[in-house]
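Remarks on the structure that follows.
The values are calculated or read from the model by the stated rules, or taken from the named source; none is laboratory data. The structure presented is a predicted model; accordingly, all values stated were derived computationally and were not measured. FYI the Cβ positions are ideal-geometry reconstructions off the backbone, even for glycines, and counts take in every protein chain you see. With ligands, DNA and RNA removed, areas are computed over all heavy atoms of the protein, side chains included. Shrake-Rupley method; radii C 1.70, N 1.55, O 1.52, S 1.80 Å.
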Amino acid sequence: MPQIIFIFDLRPWMLRMAVHNILRTVFICAILAVGAMVFSRDANVLVLQPIERIISKVQKIRDNPLYAMKLGDESYREKQELEKETPRATRPSARICRCCRRRAEVKVQTLETKILENAIIKLGKLLVLGFGEAGSEIIGNNMKNDDSATVNAMIPGQKVEAVFGFCNIRNFTDTTEVLQDKVMVFVNQVAEIVHTTVCAWHGAANRNIGDAFLIVWRMKEDFTRQMRTKTCDMSVMSFVQVIAAINRSAVLREYRENPALLARLPSYRVRMGIGLHYGWAIEGAIGSEFKIDASYLSPNVNMATRLEAVTKQYQVLILMTEPLVQLCSQPMARYFRAIDHVTLKGGMSTPIRLFALDLNADCLETDYNLPKRGRNQFELRLQREKAKEEKMQESFQVHALFEEDPDLKKMRKGYPKRFFQLFSKGYLNYEAGEWDVARDVFTVTLDMLGDSDGPSKALLDFMRQYGFDSMKVPPKGWLRYRELIEI
(Lines give C-alpha, C1' and ligand atoms only; values in the text may rest on other atoms or scores of the structure.)
Protein backbone atom coordinates (compact mmCIF):
# COMPACT_ATOMS: atom_id res chain seq x y z
CA MET A 1 0.00 0.00 0.00
CA PRO A 2 1.50 3.29 -1.00
CA GLN A 3 2.47 5.70 1.82
CA ILE A 4 1.79 9.36 1.66
CA ILE A 5 4.41 11.52 3.30
CA PHE A 6 3.86 15.18 4.02
CA ILE A 7 6.95 17.24 4.39
CA PHE A 8 6.71 20.68 6.03
CA ASP A 9 9.54 23.19 6.09
CA LEU A 10 9.44 24.71 9.62
CA ARG A 11 12.65 26.64 9.27
CA PRO A 12 10.98 30.00 8.41
CA TRP A 13 8.57 29.59 11.28
CA MET A 14 11.34 28.63 13.71
CA LEU A 15 13.37 31.58 12.47
CA ARG A 16 10.51 33.92 13.17
CA MET A 17 10.01 32.37 16.61
CA ALA A 18 13.70 32.80 17.38
CA VAL A 19 13.60 36.43 16.28
CA HIS A 20 10.49 37.01 18.38
CA ASN A 21 12.14 35.42 21.41
CA ILE A 22 15.24 37.51 20.92
CA LEU A 23 13.17 40.67 20.61
CA ARG A 24 11.16 39.72 23.68
CA THR A 25 14.34 39.07 25.64
CA VAL A 26 15.82 42.38 24.50
CA PHE A 27 12.60 44.17 25.42
CA ILE A 28 12.48 42.58 28.87
CA CYS A 29 16.16 43.47 29.45
CA ALA A 30 15.49 47.02 28.35
CA ILE A 31 12.51 47.28 30.68
CA LEU A 32 14.55 45.87 33.55
CA ALA A 33 17.44 48.22 32.76
CA VAL A 34 15.16 51.25 32.61
CA GLY A 35 13.45 50.17 35.83
CA ALA A 36 16.79 49.62 37.54
CA MET A 37 17.98 53.04 36.38
CA VAL A 38 14.78 54.67 37.63
CA PHE A 39 14.98 52.91 40.98
CA SER A 40 18.72 53.64 41.21
CA ARG A 41 18.11 57.31 40.44
CA ASP A 42 15.48 57.53 43.17
CA ALA A 43 17.82 55.80 45.60
CA ASN A 44 20.65 58.18 44.67
CA VAL A 45 18.52 61.32 44.80
CA LEU A 46 16.48 60.44 47.86
CA VAL A 47 18.99 58.47 49.95
CA LEU A 48 22.61 58.22 48.82
CA GLN A 49 23.26 61.81 47.71
CA PRO A 50 21.61 63.34 50.83
CA ILE A 51 23.63 61.00 53.06
CA GLU A 52 26.86 61.91 51.25
CA ARG A 53 25.93 65.59 51.59
CA ILE A 54 25.27 65.13 55.30
CA ILE A 55 28.61 63.35 55.79
CA SER A 56 30.38 66.14 53.89
CA LYS A 57 28.83 68.82 56.10
CA VAL A 58 29.63 66.89 59.28
CA GLN A 59 33.23 66.61 58.07
CA LYS A 60 33.37 70.39 57.53
CA ILE A 61 32.03 70.99 61.03
CA ARG A 62 34.65 68.58 62.42
CA ASP A 63 37.44 70.47 60.69
CA ASN A 64 36.11 73.91 61.62
CA PRO A 65 33.17 74.07 64.06
CA LEU A 66 32.64 77.77 63.27
CA TYR A 67 31.81 76.74 59.70
CA ALA A 68 28.39 75.62 60.95
CA MET A 69 27.21 79.23 60.82
CA LYS A 70 28.10 79.42 57.14
CA LEU A 71 26.31 76.13 56.48
CA GLY A 72 23.23 77.59 58.13
CA ASP A 73 23.41 80.61 55.85
CA GLU A 74 23.74 78.39 52.78
CA SER A 75 20.76 76.32 53.89
CA TYR A 76 18.75 79.50 54.47
CA ARG A 77 19.65 80.75 51.00
CA GLU A 78 18.58 77.43 49.40
CA LYS A 79 15.28 77.60 51.26
CA GLN A 80 14.67 81.16 50.08
CA GLU A 81 15.38 80.20 46.46
CA LEU A 82 13.14 77.15 46.76
CA GLU A 83 10.29 79.24 48.14
CA LYS A 84 10.57 81.58 45.16
CA GLU A 85 10.36 78.67 42.72
CA THR A 86 7.75 76.60 44.58
CA PRO A 87 4.66 78.80 43.94
CA ARG A 88 5.16 78.58 40.17
CA ALA A 89 6.16 74.93 40.13
CA THR A 90 3.45 73.58 42.45
CA ARG A 91 0.54 75.92 41.78
CA PRO A 92 -2.22 73.41 40.78
CA SER A 93 -4.13 74.22 37.63
CA ALA A 94 -7.81 73.43 37.23
CA ARG A 95 -7.06 71.62 33.98
CA ILE A 96 -4.56 69.09 35.33
CA CYS A 97 -5.76 65.78 36.61
CA ARG A 98 -6.13 64.85 40.23
CA CYS A 99 -3.13 62.47 40.13
CA CYS A 100 -0.86 65.19 38.78
CA ARG A 101 -2.11 67.60 41.45
CA ARG A 102 -1.45 65.02 44.13
CA ARG A 103 2.06 64.42 42.73
CA ALA A 104 2.75 68.16 42.78
CA GLU A 105 1.61 68.40 46.38
CA VAL A 106 3.85 65.50 47.41
CA LYS A 107 6.93 67.28 46.02
CA VAL A 108 6.43 70.11 48.50
CA GLN A 109 6.83 67.79 51.48
CA THR A 110 10.21 67.78 53.21
CA LEU A 111 12.12 64.52 52.94
CA GLU A 112 13.36 62.76 56.06
CA THR A 113 16.97 63.07 54.90
CA LYS A 114 16.52 66.82 54.51
CA ILE A 115 15.03 67.02 58.00
CA LEU A 116 18.08 65.15 59.33
CA GLU A 117 20.43 67.45 57.40
CA ASN A 118 18.71 70.56 58.77
CA ALA A 119 18.84 69.13 62.29
CA ILE A 120 22.62 68.58 62.03
CA ILE A 121 23.12 72.15 60.78
CA LYS A 122 20.96 73.53 63.60
CA LEU A 123 22.86 71.50 66.19
CA GLY A 124 26.13 72.83 64.77
CA LYS A 125 24.88 76.41 64.92
CA LEU A 126 23.63 75.92 68.48
CA LEU A 127 27.03 74.53 69.49
CA VAL A 128 28.75 77.57 67.99
CA LEU A 129 26.29 79.96 69.64
CA GLY A 130 26.59 78.15 72.97
CA PHE A 131 30.36 77.68 73.07
CA GLY A 132 31.43 80.61 70.92
CA GLU A 133 34.86 81.05 69.38
CA ALA A 134 36.55 79.94 72.60
CA GLY A 135 34.80 76.56 72.44
CA SER A 136 35.61 75.71 68.83
CA GLU A 137 38.61 73.64 69.98
CA ILE A 138 36.40 71.63 72.36
CA ILE A 139 33.84 70.91 69.64
CA GLY A 140 36.48 70.03 67.05
CA ASN A 141 38.40 67.62 69.30
CA ASN A 142 35.27 65.72 70.29
CA MET A 143 33.95 65.56 66.73
CA LYS A 144 37.24 64.09 65.50
CA ASN A 145 37.01 61.14 67.89
CA ASP A 146 35.33 58.44 65.78
CA ASP A 147 36.01 55.52 68.14
CA SER A 148 33.60 56.56 70.86
CA ALA A 149 30.41 58.54 71.38
CA THR A 150 31.69 59.80 74.72
CA VAL A 151 32.02 63.57 75.03
CA ASN A 152 35.19 64.83 76.70
CA ALA A 153 34.88 68.53 77.40
CA MET A 154 37.75 68.61 79.88
CA ILE A 155 40.54 69.18 77.41
CA PRO A 156 43.59 71.25 78.45
CA GLY A 157 43.40 74.97 77.84
CA GLN A 158 45.71 76.97 75.61
CA LYS A 159 47.38 80.32 76.13
CA VAL A 160 46.24 83.12 73.85
CA GLU A 161 46.66 86.86 73.60
CA ALA A 162 43.61 89.04 73.15
CA VAL A 163 41.87 92.30 73.85
CA PHE A 164 39.22 91.80 76.53
CA GLY A 165 36.26 94.14 76.66
CA PHE A 166 33.75 94.07 79.50
CA CYS A 167 30.60 96.17 79.30
CA ASN A 168 27.81 96.53 81.83
CA ILE A 169 24.33 98.04 81.73
CA ARG A 170 24.04 100.84 84.27
CA ASN A 171 21.23 100.93 86.89
CA PHE A 172 20.32 97.35 86.04
CA THR A 173 18.97 96.47 89.49
CA ASP A 174 16.42 99.29 89.41
CA THR A 175 15.58 98.48 85.80
CA THR A 176 14.94 94.83 86.69
CA GLU A 177 12.65 95.72 89.58
CA VAL A 178 10.61 98.02 87.33
CA LEU A 179 10.44 95.90 84.16
CA GLN A 180 9.98 92.56 85.95
CA ASP A 181 9.37 89.82 83.31
CA LYS A 182 10.06 92.26 80.45
CA VAL A 183 13.66 92.63 81.58
CA MET A 184 14.64 89.64 79.41
CA VAL A 185 13.41 91.46 76.32
CA PHE A 186 15.31 94.56 77.44
CA VAL A 187 18.59 92.68 77.94
CA ASN A 188 18.28 90.89 74.60
CA GLN A 189 17.63 94.17 72.82
CA VAL A 190 20.81 95.61 74.27
CA ALA A 191 22.69 92.38 73.55
CA GLU A 192 21.63 92.46 69.91
CA ILE A 193 23.14 95.93 69.51
CA VAL A 194 26.35 95.01 71.35
CA HIS A 195 26.91 91.68 69.62
CA THR A 196 26.05 92.93 66.14
CA THR A 197 28.35 95.93 66.46
CA VAL A 198 31.38 94.14 67.89
CA CYS A 199 31.01 91.33 65.33
CA ALA A 200 31.23 93.93 62.56
CA TRP A 201 34.57 95.01 64.09
CA HIS A 202 36.02 91.47 64.31
CA GLY A 203 35.07 90.93 67.96
CA ALA A 204 33.52 87.76 69.41
CA ALA A 205 30.94 87.66 72.18
CA ASN A 206 32.10 85.22 74.85
CA ARG A 207 29.93 85.52 77.94
CA ASN A 208 26.52 86.99 78.69
CA ILE A 209 26.28 87.63 82.43
CA GLY A 210 22.84 89.10 82.91
CA ASP A 211 23.55 92.80 82.67
CA ALA A 212 27.12 92.40 81.39
CA PHE A 213 28.91 91.07 78.32
CA LEU A 214 32.48 89.86 77.81
CA ILE A 215 33.82 90.55 74.32
CA VAL A 216 37.12 89.17 73.01
CA TRP A 217 39.39 90.18 70.13
CA ARG A 218 41.71 87.20 69.86
CA MET A 219 45.14 87.69 68.30
CA LYS A 220 45.88 84.88 65.85
CA GLU A 221 49.36 83.43 65.67
CA ASP A 222 49.89 84.65 62.09
CA PHE A 223 48.94 88.24 62.91
CA THR A 224 51.58 90.79 61.98
CA ARG A 225 52.33 93.84 64.12
CA GLN A 226 50.18 95.93 61.81
CA MET A 227 47.23 93.54 62.12
CA ARG A 228 47.54 93.53 65.91
CA THR A 229 47.52 97.32 65.93
CA LYS A 230 44.44 97.46 63.73
CA THR A 231 42.67 94.87 65.90
CA CYS A 232 43.32 97.00 69.00
CA ASP A 233 42.05 100.09 67.18
CA MET A 234 38.91 98.20 66.12
CA SER A 235 38.25 96.98 69.65
CA VAL A 236 38.08 100.58 70.88
CA MET A 237 36.10 101.80 67.90
CA SER A 238 33.57 98.98 68.23
CA PHE A 239 32.56 100.14 71.72
CA VAL A 240 32.40 103.73 70.54
CA GLN A 241 29.94 102.52 67.91
CA VAL A 242 28.06 100.53 70.58
CA ILE A 243 27.56 103.68 72.67
CA ALA A 244 26.36 105.58 69.61
CA ALA A 245 24.00 102.78 68.54
CA ILE A 246 22.46 102.44 72.01
CA ASN A 247 21.76 106.16 72.26
CA ARG A 248 20.31 106.33 68.77
CA SER A 249 18.29 103.11 68.95
CA ALA A 250 14.60 103.50 68.22
CA VAL A 251 13.96 100.20 70.04
CA LEU A 252 15.55 101.43 73.29
CA ARG A 253 13.94 104.87 73.00
CA GLU A 254 10.72 103.61 74.56
CA TYR A 255 12.51 102.99 77.87
CA ARG A 256 13.27 106.71 78.14
CA GLU A 257 9.51 107.32 78.07
CA ASN A 258 8.56 104.51 80.46
CA PRO A 259 6.65 106.19 83.34
CA ALA A 260 7.71 103.60 85.91
CA LEU A 261 11.38 103.93 85.00
CA LEU A 262 11.20 107.73 85.00
CA ALA A 263 9.56 107.70 88.43
CA ARG A 264 12.37 105.48 89.74
CA LEU A 265 15.22 107.04 87.75
CA PRO A 266 14.52 110.59 86.50
CA SER A 267 15.92 111.36 83.03
CA TYR A 268 16.54 107.66 82.53
CA ARG A 269 18.28 106.40 79.41
CA VAL A 270 20.18 103.24 78.66
CA ARG A 271 23.85 103.68 79.52
CA MET A 272 26.81 101.31 79.63
CA GLY A 273 30.23 101.30 81.27
CA ILE A 274 33.08 99.71 79.32
CA GLY A 275 36.52 98.43 80.33
CA LEU A 276 39.19 97.40 77.79
CA HIS A 277 42.48 95.62 78.48
CA TYR A 278 45.07 93.71 76.47
CA GLY A 279 46.91 90.64 77.75
CA TRP A 280 47.19 86.87 77.83
CA ALA A 281 44.60 84.36 79.01
CA ILE A 282 44.00 80.62 79.13
CA GLU A 283 41.25 79.63 76.70
CA GLY A 284 39.32 76.46 77.47
CA ALA A 285 36.44 74.73 79.20
CA ILE A 286 35.37 75.79 82.68
CA GLY A 287 33.04 73.56 84.71
CA SER A 288 32.37 69.85 85.08
CA GLU A 289 30.71 67.00 83.20
CA PHE A 290 27.35 68.44 84.24
CA LYS A 291 27.84 71.94 82.82
CA ILE A 292 30.71 73.65 81.07
CA ASP A 293 31.38 77.10 79.67
CA ALA A 294 34.07 77.89 77.12
CA SER A 295 35.76 81.05 78.29
CA TYR A 296 39.02 82.70 79.38
CA LEU A 297 40.83 82.67 82.72
CA SER A 298 43.45 85.27 83.53
CA PRO A 299 44.12 88.32 85.72
CA ASN A 300 43.83 90.24 82.46
CA VAL A 301 40.17 89.23 82.13
CA ASN A 302 39.59 90.36 85.72
CA MET A 303 41.30 93.63 84.88
CA ALA A 304 38.73 94.36 82.17
CA THR A 305 35.96 93.63 84.68
CA ARG A 306 37.52 95.92 87.29
CA LEU A 307 37.96 98.69 84.74
CA GLU A 308 34.26 98.66 83.95
CA ALA A 309 33.47 99.05 87.65
CA VAL A 310 35.93 101.96 87.91
CA THR A 311 34.15 103.87 85.12
CA LYS A 312 31.50 104.83 87.69
CA GLN A 313 34.13 106.34 89.99
CA TYR A 314 35.68 108.40 87.18
CA GLN A 315 32.28 109.12 85.58
CA VAL A 316 33.43 108.09 82.11
CA LEU A 317 32.00 105.65 79.59
CA ILE A 318 35.17 103.91 78.37
CA LEU A 319 38.34 103.09 80.31
CA MET A 320 41.47 101.47 78.85
CA THR A 321 44.80 100.34 80.18
CA GLU A 322 48.25 101.36 79.01
CA PRO A 323 49.12 97.97 77.38
CA LEU A 324 46.18 98.38 75.02
CA VAL A 325 46.92 102.05 74.32
CA GLN A 326 50.54 101.22 73.49
CA LEU A 327 49.40 98.71 70.88
CA CYS A 328 46.93 101.12 69.27
CA SER A 329 48.10 103.31 66.40
CA GLN A 330 49.46 106.75 67.25
CA PRO A 331 46.64 108.61 65.42
CA MET A 332 44.12 106.56 67.40
CA ALA A 333 45.89 107.03 70.75
CA ARG A 334 45.72 110.83 70.37
CA TYR A 335 42.03 110.63 71.23
CA PHE A 336 42.73 108.96 74.60
CA ARG A 337 43.29 110.83 77.87
CA ALA A 338 45.59 109.54 80.63
CA ILE A 339 43.63 109.99 83.87
CA ASP A 340 45.38 108.00 86.61
CA HIS A 341 48.15 105.58 87.61
CA VAL A 342 46.82 102.89 89.94
CA THR A 343 46.85 99.34 91.21
CA LEU A 344 43.43 97.72 91.06
CA LYS A 345 42.17 95.41 93.76
CA GLY A 346 40.94 92.26 92.04
CA GLY A 347 42.86 93.15 88.90
CA MET A 348 46.65 93.16 88.66
CA SER A 349 49.11 93.99 91.43
CA THR A 350 51.49 95.96 89.21
CA PRO A 351 50.75 99.69 88.74
CA ILE A 352 49.03 100.50 85.49
CA ARG A 353 47.98 103.74 83.81
CA LEU A 354 44.35 104.29 82.96
CA PHE A 355 43.14 106.08 79.85
CA ALA A 356 39.66 107.40 79.09
CA LEU A 357 37.96 108.04 75.78
CA ASP A 358 35.74 111.06 76.33
CA LEU A 359 32.31 110.92 74.68
CA ASN A 360 29.09 112.82 75.22
CA ALA A 361 26.46 110.37 74.03
CA ASP A 362 23.51 112.42 75.33
CA CYS A 363 23.84 114.81 72.39
CA LEU A 364 22.88 112.19 69.82
CA GLU A 365 19.41 112.31 68.32
CA THR A 366 17.26 109.19 68.44
CA ASP A 367 16.49 107.35 65.24
CA TYR A 368 12.71 107.02 65.06
CA ASN A 369 12.75 104.36 62.32
CA LEU A 370 12.46 100.91 63.81
CA PRO A 371 14.74 98.26 62.27
CA LYS A 372 13.09 96.05 59.67
CA ARG A 373 12.31 92.52 60.73
CA GLY A 374 12.29 89.42 58.56
CA ARG A 375 15.25 90.53 56.47
CA ASN A 376 17.27 87.91 54.63
CA GLN A 377 19.73 86.69 57.27
CA PHE A 378 22.03 85.23 54.64
CA GLU A 379 22.37 88.57 52.87
CA LEU A 380 22.91 90.41 56.16
CA ARG A 381 25.69 88.05 57.20
CA LEU A 382 27.21 88.26 53.72
CA GLN A 383 27.24 92.04 53.97
CA ARG A 384 28.85 91.89 57.43
CA GLU A 385 31.56 89.53 56.24
CA LYS A 386 32.29 91.76 53.27
CA ALA A 387 32.47 94.83 55.52
CA LYS A 388 34.80 92.97 57.91
CA GLU A 389 37.16 92.11 55.05
CA GLU A 390 37.21 95.76 53.98
CA LYS A 391 38.12 96.86 57.52
CA MET A 392 41.23 94.66 57.43
CA GLN A 393 42.51 96.30 54.25
CA GLU A 394 45.54 98.56 54.64
CA SER A 395 43.63 101.47 53.09
CA PHE A 396 41.06 101.43 55.91
CA GLN A 397 42.08 103.71 58.77
CA VAL A 398 40.07 103.22 61.97
CA HIS A 399 41.00 106.57 63.52
CA ALA A 400 39.63 108.42 60.46
CA LEU A 401 36.08 107.77 61.71
CA PHE A 402 36.58 110.36 64.45
CA GLU A 403 36.72 112.97 61.70
CA GLU A 404 34.28 111.37 59.25
CA ASP A 405 31.49 109.74 61.27
CA PRO A 406 28.75 112.29 62.12
CA ASP A 407 27.86 110.61 65.43
CA LEU A 408 31.48 110.54 66.61
CA LYS A 409 31.99 114.16 65.66
CA LYS A 410 28.92 115.14 67.70
CA MET A 411 30.02 113.11 70.74
CA ARG A 412 33.49 114.69 70.67
CA LYS A 413 32.39 118.23 69.87
CA GLY A 414 32.04 119.34 73.51
CA TYR A 415 35.70 118.59 74.35
CA PRO A 416 37.95 121.48 73.24
CA LYS A 417 41.64 121.01 72.59
CA ARG A 418 42.47 123.46 75.38
CA PHE A 419 40.77 121.19 77.90
CA PHE A 420 43.00 118.22 77.04
CA GLN A 421 46.11 120.38 77.14
CA LEU A 422 45.29 121.68 80.61
CA PHE A 423 44.33 118.27 81.97
CA SER A 424 47.54 116.75 80.60
CA LYS A 425 49.52 119.44 82.40
CA GLY A 426 47.66 118.77 85.64
CA TYR A 427 48.07 115.00 85.33
CA LEU A 428 51.82 115.19 84.74
CA ASN A 429 52.20 117.35 87.87
CA TYR A 430 49.90 115.00 89.81
CA GLU A 431 52.00 111.97 88.92
CA ALA A 432 55.24 113.85 89.61
CA GLY A 433 54.01 114.77 93.12
CA GLU A 434 53.55 118.49 92.42
CA TRP A 435 50.06 118.46 93.84
CA ASP A 436 49.79 122.21 94.41
CA VAL A 437 50.12 122.80 90.67
CA ALA A 438 47.88 119.83 89.86
CA ARG A 439 45.19 121.17 92.21
CA ASP A 440 45.12 124.55 90.46
CA VAL A 441 44.86 122.95 87.02
CA PHE A 442 42.23 120.37 87.95
CA THR A 443 40.14 123.09 89.61
CA VAL A 444 39.95 124.76 86.20
CA THR A 445 39.28 121.57 84.19
CA LEU A 446 36.64 120.42 86.71
CA ASP A 447 34.02 122.85 85.38
CA MET A 448 35.52 123.60 81.99
CA LEU A 449 33.11 121.30 80.12
CA GLY A 450 29.94 122.68 81.66
CA ASP A 451 29.27 119.52 83.64
CA SER A 452 31.69 118.28 86.28
CA ASP A 453 34.64 116.38 84.77
CA GLY A 454 34.81 112.97 86.47
CA PRO A 455 38.58 112.33 86.33
CA SER A 456 39.36 115.86 87.59
CA LYS A 457 36.98 115.37 90.50
CA ALA A 458 38.37 111.91 91.35
CA LEU A 459 41.96 113.15 91.47
CA LEU A 460 41.03 116.27 93.46
CA ASP A 461 39.15 114.15 95.99
CA PHE A 462 42.13 111.82 96.39
CA MET A 463 44.66 114.62 96.86
CA ARG A 464 42.33 116.44 99.27
CA GLN A 465 42.55 113.45 101.67
CA TYR A 466 46.23 114.32 102.26
CA GLY A 467 45.88 118.09 102.19
CA PHE A 468 47.38 118.21 98.68
CA ASP A 469 50.73 117.16 100.14
CA SER A 470 52.17 114.17 98.29
CA MET A 471 54.64 113.44 101.12
CA LYS A 472 51.76 112.55 103.46
CA VAL A 473 50.69 109.54 101.39
CA PRO A 474 51.38 106.39 103.45
CA PRO A 475 53.57 104.51 103.92
CA LYS A 476 56.57 106.27 102.36
CA GLY A 477 55.10 109.18 100.50
CA TRP A 478 53.87 109.42 96.93
CA LEU A 479 55.15 106.61 94.67
CA ARG A 480 53.65 108.06 91.45
CA TYR A 481 50.69 105.69 91.69
CA ARG A 482 47.91 104.88 94.15
CA GLU A 483 45.92 101.85 95.20
CA LEU A 484 42.38 102.14 93.94
CA ILE A 485 40.29 100.44 96.60
CA GLU A 486 36.92 102.11 96.31
CA ILE A 487 35.26 100.34 93.38
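Within the accessible surface of segment 1-81, defined with a 1.4 Å probe on protein heavy atoms only, the carbon and sulfur portion equals 69 percent.
Could you give the size of the charge dipole of the chain about its Cα centre, using +1 on the Cβ of each K and R and -1 on the Cβ of each D and E, expressed in debye and rounded to the nearest 20? Present the calculation step by step, with values, prior to reporting the outcome.
On the way: 68 positive and 58 negative charges, 373 e Å.
Using only the charged Cβ atoms, the result is roughly 1800 debye.
Lys/Arg Cβ at +1, Asp/Glu Cβ at -1, dipole of the chain taken about the Cα centre: which of Leu127, Ser56, Ile5 is farthest positive-ward? The listed residue farthest towards the positive side: Ile5. Each peptide in 211-223, 279-291, 33-45 was scored by the mean count of other Cβ atoms within 10 Å over its residues; highest first, the order is 211-223, 279-291, 33-45. Working note: Cα atoms of segment 10-49, range along each principal axis, descending, whole Å: 55, 7, 5. Here the sum of -39500 (n - 2.57) over DSSP H runs of 4 or more residues, divided by the residues of the chain, equals -17500 deg cm²/dmol at 222 nm, to the nearest 500.
A straight Cα-to-Cα reach below 18 Å connects Lys409 with the lysines Lys417, residues fewer than 8 places away in its own chain not being considered.
Take every DSSP beta bridge whose two residues both sit in the chain; close to 85 percent of them are antiparallel.
On the accessible surface of segment 281-359, probed at 1.4 Å, how many percent belong to carbon and sulfur atoms? The nonpolar share, carbon plus sulfur, comes to 54 percent. Each peptide in 328-338, 387-397 receives the mean, over its residues, of other Cβ atoms within 10 Å, and ordering these scores from highest gives 328-338, 387-397. Rolling a 1.4 Å probe over the protein heavy atoms gives the chain an accessible area of 59 Å² per residue. Just so you know, the Rg over Rh for segment 347-461 is 1.13, from Cα atoms, with Rh as the Kirkwood radius. When only Cα pairs below 8 angstrom with a gap of at least 6 residues are kept, the chain shows a relative contact order of 13 percent.
For the chain, the spread of Cα positions along the three principal axes, ordered from largest to smallest, is 163, 52, 46 Å. Calculate the tail of P(r) for segment 166-211: the fraction of all Cα-Cα distances greater than 13 Å, expressed in %. For segment 166-211, the fraction of Cα-Cα distances above 13 Å is 58 percent.
The residues packed around Glu365, meaning those with a beta-carbon under 14 Å from its beta-carbon, carry a net charge of +4 if Lys and Arg are +1 and Asp and Glu are -1.
Could you size up the charge dipole of segment 226-284 around its Cα centre, putting +1 on the beta carbon of Lys and Arg and -1 on that of Asp and Glu, and report it in debye to the nearest 20?
Values: 8 positive and 4 negative charges, 39 e Å.
About 180 debye.
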